[in-house]
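Enquirer: Structure in structure tokens, see below.
The values are calculated or read from the model by the stated rules, or taken from the named source; none is laboratory data. A quick note: this is a predicted structure, and the numbers were derived from the prediction, not measured. Backbone-built Cβ (ideal geometry, glycine too); neighbour counts: all protein chains shown. Surface accessibility is based on the protein's heavy atoms, side chains included, excluding ligands, DNA and RNA. Shrake-Rupley method; radii C 1.70, N 1.55, O 1.52, S 1.80 Å.
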Amino acid sequence: QITTLINHKDKPKRSDKTLQAIQRVGQAVNLAVGRFVTVGEAIANENHELKEEMSVACIEARRAGETIAQLTDVASLDHPESDSHITIFTDKTGVVKAARLLLSSVTKVLVLADRIVIKQIITSRNKVLATMDQLEKVSSFQEFVQIFSQFGNEMVEFAHLTGDRQNDLKDEKKKARMAASRAVLEKCTMMLLTASKTCLRHPDCESARINKDGVFHRMRLALEQVIEIVTDSRPNGENEMAPISIYSGIKEFKNKVEGLRENLYFLSKENLSTMLEVILEHTEDFTDSAYTSHEHREHILELSKQAKMELEQLVSVWMQAQSQKTKDLMEDLEVAILKTCQCMNDLKREVHSAATSLAADLLKYHTDHMVLKALKITGVEGNLEAVAEYTCKLSEQKEQLVEMCRLLRHVSGTEPLEITCIHAEDTFQVTGPQIISAAETLALHPSSKIAKENLEVFCEAWESQLSDMSLLLREINDVFEGRRGEKRVYLSLPRPGKHNANLKALKPVKLDTEEQAKIAKLGLELHLLTSDVDSETEKWEDQENEIVQHGQGMSSMAYSMYLFTRGEGLLKTTQDLFHQAEIFATEGTKLASALHALSDQVHDDKPLLLLEAEKLISLCKQLQITAKAPAQGKSATFTKVDACILKTRNVMTLLCQLLPLCCKLLRKNKAGNGCLKPAPPWKEDRIRTGTNARTPERRVDTFGIKSLENHVTNMTFLESK
């Protein structure tokens, strides 16, 4: 709305409608600022150390909002220029100054509020650490019960604070690191309970003490990592040095090589050679691995050798082209570039195949959990020799899985998936020895129910991580197929009883093979449309533009629906699909609102833009009606699925036409307004403090809160034991 005011063009003739519109915008800005400032003042009253700074920023914002309202109070003026009253028409610079002050003060309020949130998380972490220190030193069950009850409440508070923070993070890499740390805390909370109980029951058992110490150490590391992410800092001022993966190395190398088409002088041949050497060094992780097949090893070595030869040829032609730019030389350079990039693509495909085939084989081989079952049985029997034999087998299994995670990290394709691979590697690395110490404790005390329960908890964590690896492998394969890469993915799936009162009554079903075959063509059309939308959004200079954001979100959701038609992806049942269709339609309606806002800024093709926006609203309403309509029976459910996919395809078809039109209009508008860049309008709902469970941004669940609360509630059972 501020942008609308600033971009308002003075015209000699002003209609009543124009005057009223300007006044409405000014009042809307003032009201929005008023609501925003009320929240800021409430925060200031609760946090005395920042009260003065926050109050000053709030006063500045309120003053700027009131100034804008006064300058736009023009509806009652027939001839504003002849009146003594100063308005936007007589003093446009006043509006610009007020807008700058407003944006500056609003930013200040947000920064101060952010500091308060960070302080809350640090304070909560410190409470948890202090209580953990007490838990580590307790010597009686009664004391442990009391302190663990307090610890549980503090962990619930920490879970809520860090969950909200994870929602707010924009950096996908930080988001993935936060999710990994919170997953560790969730699993370790239960481990801490059983490991501490075992240690209290068997105070002289060395393996029980080692087991408990491992849990406390891992929790402290996870708590520290959360604070590093929240404060954006590293201990002792270190810089985070993430290992480079083969995928990211090849991507950067190819970008440099292809850049030679535009500029022959922007990098040196030594630079390119060094980049290739680093990539080939990383391929040694595959060729040196005992788990890489002979065939894959030979292919990787052969492609590495070929890559060196192709680069030598490229450098030779490149050096000649620098001295004389003949047509023949430029054609030779193009051929060399294509051959080098093709060779790197082949290498990427080969390492991907090596890593994913190894992962698939290992996960299939270990699904029966035979070693874990044997450890439980021999532990209860008190058979120390057999336990020692199976712990060796578990150590071998751990080494295999750790190697698998390292190789998968190289081919994961995105930073968040790389972080997930690193987290999985750490989990296997740590949980393996903890299972061994828990099994040794049980073998030494075979009649101990607490020792048996403790071993169960660690085995469940291992099994859970193996299950997570299957999902991770599928995501890595999705990225390799050219989808689900850098894009935001909406995971706004329903939880039973949360979103829909009738959800429990509906039996969620999947499509069978015959139904998947029937709907395959429609799904493929949807897949192609998502690719078209993605290519259109990539053409926009401003990737933060509201229209682009909505378009990317819709494309991502449509792709999830396409995967559903193949029996893959995150949408597991028809109910998931119908809910996703509703969210997709809502996103389309938001896009239509953004189109209306754009129409106020442009003059050319405005009627066409409004017409297309109305078409979009109509199609989205049709989709929502279809998604919400009841369907009983297998045939009716499939018909509804077919209709939802069809209507989603229609929306995506329209989106493919809308995006280039909007891009063209914005470029024209930008050219006409000098350096002014259209910014997304302020929205009231961005500063509301309420939470809507169906909004995608709020869907990151706080870790294990229910399980934590259950631990706290059921502490009386522990005391009675």
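Enquirer: Identify all residues within the stretch 418-445 that are in contact (Cβ under 8 Å) with a residue 60 or more places away in the chain, part of a helix (DSSP H, G or I), under 26 Å from residue 382 (Cβ atoms) and not aliphatic (A, V, I, L, M); write none if there are none.
Expert: Scanning the stretch 418-445 gives 433, 434, 437, 440, 441.
Enquirer: Something else: Residue by residue through the stretch 603-619, note down the ones that are of a type in the set (Asp, Glu) and closer than 15 Å to residue 585 by Cα. Full working, then the answer.
Expert: Taking the stretch 603-619 and keeping what is of a type in the set (Asp, Glu), we get 604-605, 612, 614.
Hit for the stretch 603-619 is 614, nothing else.
Enquirer: Please determine whether any residue of the stretch 552-574 is over 29 Å from residue 630 (Cβ atoms), open to solvent by 20 Å² or more (accessible area, probe 1.4 Å) and assigned to a helix (DSSP H, G or I).
Expert: Checking the stretch 552-574: at least one residue is over 29 Å from residue 630 (Cβ atoms), open to solvent by 20 Å² or more (accessible area, probe 1.4 Å) and assigned to a helix (DSSP H, G or I).
Enquirer: Can you tell which of 467, 448 is open to solvent by 10 Å² or more (accessible area, probe 1.4 Å), more than 21 Å from the chain's Cα centre (by Cα) and not charged (D, E, K, R)? Spell out how you get there, then give the answer.
Expert: Values: 467 fails: more than 21 Å from the chain's Cα centre (by Cα).
The match here is 448.
Enquirer: Of the residues that sit in the stretch 527-547 and are in contact with a Cys (Cβ under 9 Å, 6 or more places away or on another chain) and aliphatic (A, V, I, L, M), which one is modelled with the highest pLDDT?
Expert: 547
Enquirer: What are the pairs, 6+ residues apart or on separate chains, where a residue within the stretch 525-550 that is within 14 Å of residue 651 (Cβ to Cβ) has its Cβ under 6 Å from a residue that is hydroxyl-bearing (Ser, Thr, Tyr) and modelled with pLDDT of 85 or more?
Expert: Hits for this filter: 526/562; 530/555; 530/559; 533/555.
Enquirer: Would you mind telling me which numbered condition in (1) open to solvent by 40 Å² or more (accessible area, probe 1.4 Å); (2) without any contact (Cβ under 8 Å) to a residue 60 or more places away in the chain residue 314 fails?
Expert: So residue 314 meets the others, but not (1).
Enquirer: Then there is this: Got at least one residue in the stretch 190-198 being more than 21 Å from the chain's Cα centre (by Cα) and open to solvent by 20 Å² or more (accessible area, probe 1.4 Å)?
Expert: Looking for residues that are more than 21 Å from the chain's Cα centre (by Cα) and open to solvent by 20 Å² or more (accessible area, probe 1.4 Å), one finds at least one in the stretch 190-198, hence yes.
Enquirer: Still on this model: Is there any pair with a first residue in the stretch 560-589 that is not assigned by the TED database to the domain that holds residue 529 and a second that is of a type in the set (Ser, Thr, Tyr) and not in a helix (DSSP H, G or I) whose Cβ atoms are under 9 Å apart and which are 6 or more apart or on different chains, and what are they?
Expert: Here the result reads none, with nothing in the stretch 560-589 linked to a residue that is of a type in the set (Ser, Thr, Tyr) and not in a helix (DSSP H, G or I).
Enquirer: Right, residue 414: farther than 30 Å from residue 440 by Cβ, among the hydroxyl-bearing types (Ser, Thr, Tyr), surrounded by 16 or more Cβ atoms within 10 Å (Cβ to Cβ) and touching a Lys or Arg at 6+ places or on another chain (Cβ under 9 Å) or not?
Expert: When the stated conditions are applied, residue 414 passes them.
Enquirer: Only one of 265, 291, 247 is in contact with a Gly (Cβ under 6 Å, 6 or more places away or on another chain) and either in contact (Cβ under 8 Å) with a residue 12 or more places away in the chain or surrounded by 12 or more Cβ atoms within 10 Å (Cβ to Cβ) (or both). Can you tell me which? It would help to see each step written out before you state the result.
Expert: Values: 265 fails: in contact with a Gly (Cβ under 6 Å, 6 or more places away or on another chain); 291 fails: in contact with a Gly (Cβ under 6 Å, 6 or more places away or on another chain).
Testing whether each residue is in contact with a Gly (Cβ under 6 Å, 6 or more places away or on another chain) and either in contact (Cβ under 8 Å) with a residue 12 or more places away in the chain or surrounded by 12 or more Cβ atoms within 10 Å (Cβ to Cβ) (or both) leaves just 247.
Enquirer: Something else: Which of the residues belonging to the stretch 284-304 are assigned to a helix (DSSP H, G or I), among the β-branched types (Val, Ile, Thr) and within 19 Å of residue 402 (Cβ to Cβ)?
Expert: The initial filter retains those residues of the stretch 284-304 that are assigned to a helix (DSSP H, G or I), namely 284-287, 294-304.
Then drop every residue that is not among the β-branched types (Val, Ile, Thr), which leaves 287, 300.
Scanning the stretch 284-304 gives a single hit, 287.
Enquirer: Which one of these is surrounded by 20 or more Cβ atoms within 10 Å (Cβ to Cβ) and either under 30 Å from residue 113 (Cβ atoms) or at pLDDT below 90 (or both): 587, 684? Working first, answer last.
Expert: Numbers: 684 fails: surrounded by 20 or more Cβ atoms within 10 Å (Cβ to Cβ).
Going through 587, 684 in turn, the sole match is 587.
Enquirer: Quick one: would you say residue 139 is closer than 24 Å to residue 45 by Cβ, surrounded by fewer than 15 Cβ atoms within 10 Å (Cβ to Cβ) and either among the polar types (S, T, N, Q) or assigned by the TED database to the domain that holds residue 39 (or both)? Reasoning before the result, please.
Expert: On the way: closer than 24 Å to residue 45 by Cβ: no; surrounded by fewer than 15 Cβ atoms within 10 Å (Cβ to Cβ): yes; either among the polar types (S, T, N, Q) or assigned by the TED database to the domain that holds residue 39 (or both): yes.
In short, no.
Enquirer: Moving to a separate point now. Output the number of the condition that residue 264 fails; it satisfies all remaining conditions of (1) within 24 Å of residue 245 (Cα to Cα); (2) in a loop (DSSP other than H, G, I, E, B).
Expert: (1)
Enquirer: When you scan the stretch 660-669, do you find a residue that is surrounded by 18 or more Cβ atoms within 10 Å (Cβ to Cβ), under 24 Å from residue 580 (Cα atoms) and modelled with pLDDT of 85 or more, even just one? Before the answer, list the steps.
Expert: Restricting attention to the stretch 660-669, the residues satisfying the condition of being surrounded by 18 or more Cβ atoms within 10 Å (Cβ to Cβ) are 662-663, 665-666, 669.
Next, from what is left, pick out any that are under 24 Å from residue 580 (Cα atoms): none.
Looking for residues that are surrounded by 18 or more Cβ atoms within 10 Å (Cβ to Cβ), under 24 Å from residue 580 (Cα atoms) and modelled with pLDDT of 85 or more, one finds none in the stretch 660-669, hence no.
Enquirer: Count, please, the residues in the stretch 534-546 that happen to be under 20 Å from the mean Cα position of the chain (by Cα) and either hydrophobic (A, V, I, L, M, F, W, C) or under 30 Å from residue 638 (Cβ atoms) (or both). Working first, answer last.
Expert: Our first condition is that a residue be under 20 Å from the mean Cα position of the chain (by Cα); within the stretch 534-546, this holds for 534, 537-538, 543-546.
Of the ones still in play, those that are also either hydrophobic (A, V, I, L, M, F, W, C) or under 30 Å from residue 638 (Cβ atoms) (or both) are 534.
Going through the stretch 534-546 one residue at a time, the tally reaches 1.
Enquirer: Going through 427, 441 one at a time, which residue ends up being more than 20 Å from residue 200 (Cα to Cα), of a type outside the set (Lys, Arg) and surrounded by 20 or more Cβ atoms within 10 Å (Cβ to Cβ)? So that I can check it myself, show each step before the final result.
Expert: Working: 441 fails: more than 20 Å from residue 200 (Cα to Cα).
So the residue among 427, 441 that is more than 20 Å from residue 200 (Cα to Cα), of a type outside the set (Lys, Arg) and surrounded by 20 or more Cβ atoms within 10 Å (Cβ to Cβ) is 427.
Enquirer: Now, a different point. Which residues, taken from the stretch 599-612, are in contact with a helix residue (DSSP H, G or I) (Cβ under 6 Å, 6 or more places away or on another chain), in contact (Cβ under 8 Å) with a residue 40 or more places away in the chain and aliphatic (A, V, I, L, M)?
Expert: Once the filter is applied, which keeps residues that are in contact with a helix residue (DSSP H, G or I) (Cβ under 6 Å, 6 or more places away or on another chain), in contact (Cβ under 8 Å) with a residue 40 or more places away in the chain and aliphatic (A, V, I, L, M), the stretch 599-612 yields 602, 609.
Enquirer: Only one of 288, 346 is under 24 Å from residue 417 (Cα atoms), over 32 Å from the mean Cα position of the chain (by Cα) and of a type in the set (D, E, K, R). Can you tell me which? Please lay out each step first, then the result.
Expert: On the way: 346 fails: over 32 Å from the mean Cα position of the chain (by Cα).
Just one listed residue meets the conditions, 288.
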